[in-house]
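**Q** I have a structure here, written as structure tokens, and I will follow up with some questions on it.
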Amino acid sequence: MAQLTILHYPDPRLRIKAKPVREVDERIRSLVADMLETMYEESGIGLAATQVNVHERVLVLDISEDRDQPLCFINPKILHSEGEVSYEEGCLSVPDIFETVSRAEFIRVAALNEKGEHFEMDAEGLLAICIQHEMDHLEGKLFVDYLSTLKRSRLKTKFRKKAKRAPVSRDAGRSRISAPVI
């Protein structure tokens with residue numbers, strides 16, 4: 001396994017729409033393992049392949065307190081959604097920024113697991129929020145897109161200035177907070 005580099009906003013590669021996975025093979029299983037390692041190392045609770053510059057429909061997450069219940073969704077599709085809930089979200093690709101976003105409260109999602117087996121799952125609460133957040137990444141969408149134009153513009157300026165000032169290092173952009181980062 002290897003830790004992958006996470007792209008940071010406003011990197012244009014985060015806007016690339018992911019393509020469906022044609023075959024769940026050893027390459028995809030290796031990607032899933034590397035994504036999980038990266039997510040855990042960065043103290044995140046979810047990670048989409050787009051965030052590590054792989055533009056295929058793969059996402060991983062683990063919202064368990066002990067970080068021992070990883071989930072993998074390949075070619076995920078929301079079959080049903082209802083209700084609305086607001087939650088303060090963060091993102092490994094937008095470090096140290098947290099904003100309240102409204103999403104469906106309940107979803108039913110279909111996907112393939114890392115073995116290539118089809119499954120369906122009902123999700124609510126943080127699990128539903130995390131799945132929707134990561135699926136947005138696969139569509140080239142970030143949680144900041146839910147913010148006002150003014151807030152988004154300020155964030156983009158802030159991150160561009162930060163990128164110009166910051167030396168390149170393995171720890172650049174790593175979140176130091178304990179709140180869950182999707």
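The values are calculated or read from the model by the stated rules, or taken from the named source; none is laboratory data. Not measured: the values here are computed from a predicted model. Note that we place each Cβ from the backbone using ideal geometry, even for glycine, and neighbour counts take in every protein chain shown.
**Q** Can you confirm whether region 98-118 contains a residue that is without any contact (Cβ under 8 Å) to a residue 12 or more places away in the chain and surrounded by fewer than 15 Cβ atoms within 10 Å (Cβ to Cβ)?
**A** Within region 98-118 (the criterion being without any contact (Cβ under 8 Å) to a residue 12 or more places away in the chain and surrounded by fewer than 15 Cβ atoms within 10 Å (Cβ to Cβ)), the answer is yes, since at least one residue qualifies.
**Q** Residues in region 151-162: is at least one among the basic types (K, R) and in a loop (DSSP other than H, G, I, E, B)?
**A** No: region 151-162 contains no residue that is among the basic types (K, R) and in a loop (DSSP other than H, G, I, E, B).
**Q** Continuing with the same structure: List every residue pair whose Cβ atoms lie under 9 Å apart, where the two residues are 6 or more positions apart in sequence or sit on different chains, the first residue falls within region 64-88 and is over 22 Å from H118 (Cα atoms), and the second residue, located anywhere, is basic (K, R).
**A** Cβ pairs passing all conditions: E84/R103; V85/R103; S86/R103; Y87/R103.
**Q** What about I182, is it of a type in the set (A, V, I, L, M, F, W, C), buried (at least 17 other Cβ atoms within 10 Å of the Cβ) and at pLDDT 95 or above?
**A** For I182, the condition - of a type in the set (A, V, I, L, M, F, W, C), buried (at least 17 other Cβ atoms within 10 Å of the Cβ) and at pLDDT 95 or above - is not met.
**Q** Taking region 4-41, which residues are more than 30 Å from K161 (Cβ to Cβ) and β-branched (V, I, T)?
**A** V21, V24, I28, V32
**Q** Counting only residues that are in a helix (DSSP H, G or I) and of a type in the set (S, T, Y), which one in region 27-59 is surrounded by the fewest Cβ atoms within 10 Å (Cβ to Cβ)?
**A** S30
**Q** Looking only at region 1-26, which residues are touching a residue at least 40 places away in the same chain (Cβ under 8 Å) and part of a helix (DSSP H, G or I)?
**A** Within region 1-26, R13, L14, R15 meet the criteria.
**Q** Among E89, E124, E82, which is exposed (fewer than 14 other Cβ atoms within 10 Å of the Cβ), over 24 Å from I28 (Cβ atoms) and in contact with a Phe, Trp or Tyr (Cβ under 6 Å, 6 or more places away or on another chain)?
**A** E82
**Q** Additional query: Residue check: is T100 more than 15 Å from I131 (Cα to Cα), assigned to a strand (DSSP E or B) and of a type outside the set (D, E, K, R)?
**A** Criteria met by T100.
**Q** If you check E65 against the conditions, is it surrounded by fewer than 16 Cβ atoms within 10 Å (Cβ to Cβ), under 15 Å from the mean Cα position of the chain (by Cα) and not aromatic (F, W, Y)?
**A** no
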